[in-house]
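What follows is a set of notes on a single structure, which appears directly below.
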Amino acid sequence: MVQVKAAHRLAIYDMDRTVTFTGTYTGFLVHVAMHLAPLRLLLLPLVPLMMLAYVLKLISRRRLKEINQALMIGHNVERARLMPHVESYADKVMGGNLRAGAVAQIARDRADGCTLILATASYRLYVEPIARRLGFDAVIATDHLTQDLRYVRARIAGENCYDTGKLRMIKAWMAAQAIDRKAAHIRAYSDHVSDAPMLDYADIAIAANPHKPLAKLASARGWARVDWD
């Protein structure tokens, strides 16, 4: 990519299906349930039913996450019991769910002097260990209501980091870091059309492994496209 002089050089990555091959949320729930409370796997058939309720607009995306977490992990789980399984799930993602092309691009952006930001609708709880292993500098993600307390509750604090909410959270992070948009050069990568607000906000937008709606939008907007293995 062309070298650009700017006070702040940011490379913002979506995670699921952009950096990874598959989504991570259901895998996280199943992994933790299997190790922490195996009997909860009996409730797994209810997860697609909750997804159907979301598709039918009976519940919000935010509520969908909360219900599924309550089903598979529990309403309140002691953090000390949970975190070893969070860390082992991050190892599992690193071992078999990363796109080599994405990892290579992350390394190139790091070499270009970019601040690496992982911005995802997934829970910060398990995104941070993955981001740490990949060498990201910051995480912008969906938070739990008890993010820094002893117990992890099946409740979301603030916004679900998705669509326009993700862009608002990116802007809030930049403000907290005293980064003026005019003094920043931003590269953004995503596979999904829901990240159009983030991609529009970037100086360089890259549709990475895009599904059809994003591929169509990227073509119309003149955004770059990459397909990572």
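The values are calculated or read from the model by the stated rules, or taken from the named source; none is laboratory data. Remember, predicted model here, so these are calculated numbers, not experimental data. Because the Cβ atoms are built from the backbone with ideal geometry, glycine has one as well, and the counts that use them run over all protein chains shown. Each accessible area value is taken on the protein alone, full model and side chains, heavy atoms only, with ligands, DNA and RNA left out. Shrake-Rupley method; radii C 1.70, N 1.55, O 1.52, S 1.80 Å.
For the chain, the dipole from Cβ point charges (+1 on Lys and Arg, -1 on Asp and Glu) about the Cα centre works out to 340 debye, to the nearest 20.
What's the FRET efficiency of LEU49 with ARG110 using the Cβ-Cβ distance as r and R₀ = 35 Å, to the nearest 0.05? Using R0 = 35 Å, I get an efficiency of 0.25.
Return an integer: the convex hull volume of the alpha-carbon atoms of the chain, in Å³ per residue.
Numbers: hull volume 27.9 nm³, N = 229.
Looking at the chain, the number lands at 122 Å³ per residue.
Taking Cβ atoms as reference points and 10 Å as the exclusive limit, the residues near ALA131 contribute a net charge of +1, counting Lys and Arg as +1 and Asp and Glu as -1.
Think of each Lys and Arg Cβ as +1 and each Asp and Glu Cβ as -1; about the Cα centre, that makes the dipole of segment 15-127 roughly 300 debye. Residues whose amide H comes within less than 5 Å of that of ILE156, counting only those at least five positions distant or on another chain, are LEU145 (H built at 1.01 Å from N in the peptide plane). Using heavy atoms of the protein chains and a probe of 1.4 Å, the accessible area assigned to ILE186 is about 0 Å².
A cut-off under 13 angstrom between Cβ atoms defines the neighbours of VAL47, and their net charge, with Lys, Arg +1 and Asp, Glu -1, is +1.
Run the dipole for segment 132-208 about the Cα centre, Lys and Arg Cβ at +1, Asp and Glu Cβ at -1, nothing else charged, and hand back the magnitude in debye, nearest 20.
Details: 11 positive and 10 negative charges, 60 e Å.
The calculated dipole for segment 132-208 is roughly 280 debye.
Using all pairs of distinct alpha-carbon atoms, the Kirkwood hydrodynamic radius of segment 133-229 works out to 15.0 angstrom. Highest GNM mean-square fluctuation among GLY135, GLY95, GLY158, for the chain modelled with Cα contacts below 10 Å: GLY95.
The stretch between ARG155 and HIS211 holds 17.2 nm of extra length on full extension. This uses 0.36 nm per residue minus the Cα-Cα distance. Solvent-accessible area of CYS114, all protein chains in place: 10 Å² (probe radius 1.4 Å, heavy atoms, ligands and nucleic acids excluded).
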